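The values are calculated or read from the model by the stated rules, or taken from the named source; none is laboratory data. Every value quoted in this text rests on a predicted model; they were computed, and no experiment measured them. Virtual Cβ from ideal backbone geometry, glycine too; neighbours counted across all protein chains shown.
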Amino acid sequence: MNIGAYEARTHLAHLLDEVAAGRRFTITKHGVPVAVIAPPGPGHPPESRQATLAALREFRRGLTLGQLELSTLIQEGRR
């Protein structure tokens, strides 16, 4: 089913409920398809919250901000 971008934005919660029930939508912008919202396929098993947090912790291990403090980076971003 095709749905306009404005309508998709306005009714996103309802669309997500429909997708969770198995429906698939093509989102259009000025009549041109730009995205598809669909249930995840068999290659995308649902992850538990704990597994996701563990993956994020592993990802950030060893990452640093260099010599800068977080407050300095925040101030730089505000300029």
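Here G66, G62, G22 are screened, and the one residue that is assigned to a loop (DSSP other than H, G, I, E, B), at pLDDT 80 or above and small (G, A, S) is G22.
Applying the criterion of being loosely packed, with under 10 Cβ neighbours inside 10 Å and assigned to a loop (DSSP other than H, G, I, E, B) to the residues of the stretch 36-56, the residue that is modelled with the highest pLDDT is P40.
Of all residue pairs spaced 6 or more apart or on separate chains, those with beta-carbon atoms under 9 Å, a first member in the stretch 32-53 that is under 18 Å from A21 (Cα atoms) and a second member that is hydrophobic (A, V, I, L, M, F, W, C) and in a loop (DSSP other than H, G, I, E, B) are P39/A21.
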